[in-house]
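See below for the structure under consideration.
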Amino acid sequence: MHDLGSDELKEVAKVFKGPILTTGNQVSEFETKFADLMGGGYALGVTSCTAALQLSIQALGIQPGDEVITSSLTFLATASAIEQAGARPVFADVDPDTGNLDPDKVVQKINKKTKAVIVVHLYGLMCDMEVFSKICRERKLFLIEDAAHCIEGERGGIRPGQKSDAACFSFYATKNMTCGEGGAVLTRHASLYKKLKLLRHHGMSKTAFDRHSEGYRRWDMKQFGWKYNMDNIHAAILLPQIKRLKKNLKKRKNIASYYNAELSSVPGIQLFRIPEKTIHACHLYVIQVDSKKRDRIISCLYHEGVEVMVNYNPVHLLTYYKKNIPVKSASLSVAEKIGQSVISLPFYPRMTRMHAAHVVKSLKKAMNAAI
Ligand SMILES: *Cc1c(COP(=O)(O)O)cnc(C)c1O
């Protein structure tokens, strides 16, 4: 549940008073502030994380015939972005303790066609970027982060965007920072940033804002590109949220601590492990239960008025991917087992202790009912 309000409305009103509704000052301001927030690099506002991932793959020169290794325990957009870029997704299995990609399983999938790895920081827990960047550096592979869950995350002092070629973020309705629909790419490489910027806007050398500020100049289309530029209205909605991020993370952490305390010793409930020296971005709060009872527990929770979700049914089991990217089920057995066991509990900054207590009570009831 979002927490947008008068601060965002004020910023949007400023856009309405100016002449530029599309990509302009608010987008530039957001990009600068977002890069600062993440500890440096170049940020580029786009229309979604899916677009951010697709553009990153293409800007790195990955082409049809190439393979990109990623997790199956993710939202399908991670895999679909690889296909949108013309490449082929290859799924590697995950670590049973965290749900994040297992580095050894990734190495097993590398072959001559492999060009990149996309790690997914699942639920807000960063993958071990030291390990993945070493794997990719040694084999001359690109490393991209799907950081849709992980704006605030940190592990061993490393944050998203600091060890990869590009980190991709989502500002979709349910994410920790949102403008309804939006996304961003963060990269440390100036040359990649330039390529991304061209690809974001039709491959055009000038934007509407350039023409407005510089007067009419002849522009050119240097290469094929897409229409994925973030506009000022969406950027305006994001600006005030940068300031709220820390406070909201604290609120999420409080709810997570409450859930942990109440649930960690309930028989039949298993929590994911959080490695040391980690700041969890607390995007989702996910528990695991007996896979044979999971769906019944979810129905019981709905009867109690508790809306829960499943993050995720593994991508390789979705009908489209089953048909087009067939994989031997055994090779992704951990992702499948987690996919059958997980329940995401209600979790958002404005959540009251009373609501959280109701969730816990209903969950305990559902656990007893679903035998
Ligand atoms: C939300 C999400 C995406 C897609 O983000 P959009 O901005 O909706 O394109 C990609 N990957 C993960 C892990 C997500 O949760």
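The values are calculated or read from the model by the stated rules, or taken from the named source; none is laboratory data. From a predicted model like this one, the values you see are computed outputs, not experimental measurements. Cβ placement follows ideal geometry from the backbone for every residue including glycine, while neighbour counts extend to all protein chains displayed. Keep in mind that these areas ignore ligands, DNA and RNA; they rest on the heavy atoms of the full protein, side chains included. Shrake-Rupley method; radii C 1.70, N 1.55, O 1.52, S 1.80 Å.
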Problem set entry | K361 open to solvent by 70 Å² or more (accessible area, probe 1.4 Å), part of a helix (DSSP H, G or I) and at pLDDT 95 or above | yes
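Quick grid of which residues meet (1) surrounded by 14 or more Cβ atoms within 10 Å (Cβ to Cβ); (2) under 20 Å from L37 (Cα atoms):
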position	(1), (2)
S205	yes, no
E214	no, no
Q223	no, no
L239	yes, yes
I242	yes, yes
For this session: For region 146-191, name all the residues that are of a type in the set (D, E, K, R) and either more than 15 Å from the chain's Cα centre (by Cα) or more than 12 Å from the ligand (Cβ to nearest atom) (or both).
Result: E152, E154, R155, R159, K163, D165, R188
For this session: Enumerate the pairs (first residue in region 245-257 and under 16 Å from M38 (Cβ atoms); second residue anywhere and among the hydrophobic types (A, V, I, L, M, F, W, C) and open to solvent by less than 80 Å² (accessible area, probe 1.4 Å)) with beta-carbon separation below 7 Å, excluding pairs fewer than 6 apart on the same chain, so at least 6 apart or on different chains.
Result: L245/I151; L245/M177; L249/C282
Exercise. What residue, of E83, E31, E8, is part of a helix (DSSP H, G or I), touching a helix residue (DSSP H, G or I) at 6+ places or on another chain (Cβ under 9 Å) and over 14 Å from N232 (Cβ atoms)?
Worked result: E83
Problem set entry | Residue under evaluation P346, criteria (1) over 22 Å from the mean Cα position of the chain (by Cα); (2) open to solvent by less than 30 Å² (accessible area, probe 1.4 Å); (3) not basic (K, R), criterion not met | (1)
Exercise. Which condition breaks for K322 when tested against (1) loosely packed, with under 15 Cβ neighbours inside 10 Å; (2) touching a helix residue (DSSP H, G or I) at 6+ places or on another chain (Cβ under 8 Å); (3) assigned to a loop (DSSP other than H, G, I, E, B)?
Worked result: (3)
